[in-house]
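The structure under discussion appears below in the form of structure tokens.
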Amino acid sequence: MTKRTIDYYTNIGLLSVERSVTNYRYYDQAMIERIHWIEAQKRRGKCLEEIHMLLSPTASVHEEIDVQEIRLQMRKLEKDVAMLMEQLDDNEKQKLKKKVSLESAALMQSLILILNN
């Protein structure tokens, strides 16, 4: 990482810096770890604004959830389940339906509704 990048991160509030008596910048271990964390988030496709929100003390845990990724995984699972259901005969389908509790079905439906909003 370049000095210019570190200066930019400091200017936009992603990093904080301490100055020595001779005006040298001093980054403690926590800031060095934060730099690595920021770079990891950038590699995952997060923009600096999103990273800033995650670092904000008011950021909630829910902001860290990648809803799009969950939706993609759910669609894949739905396709997998549909493919498996096609392979079952009617008797096996009935047995499987009995094993899924009403609470589980309601929970899955609620999750789908929440994610589709």
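Are any residues in segment 1-60 in a helix (DSSP H, G or I) and either surrounded by fewer than 12 Cβ atoms within 10 Å (Cβ to Cβ) or touching a Gly at 6+ places or on another chain (Cβ under 7 Å) (or both), and if so, which ones?
Answer for segment 1-60, where residues must be in a helix (DSSP H, G or I) and either surrounded by fewer than 12 Cβ atoms within 10 Å (Cβ to Cβ) or touching a Gly at 6+ places or on another chain (Cβ under 7 Å) (or both): Lys3, Arg4, Asn11, Gln29, Ala30, Ile32, Glu33, His36, Ala40, Arg43, Glu49, His52.
What about Glu86, is it part of a helix (DSSP H, G or I), farther than 30 Å from Arg4 by Cα and modelled with pLDDT of 80 or more?
It is true that Glu86 is part of a helix (DSSP H, G or I), farther than 30 Å from Arg4 by Cα and modelled with pLDDT of 80 or more.
The values are calculated or read from the model by the stated rules, or taken from the named source; none is laboratory data. Note that the coordinates shown come from a computational prediction; the quantities given were computed from them, not determined experimentally. Virtual Cβ from ideal backbone geometry, glycine too; neighbours counted across all protein chains shown.
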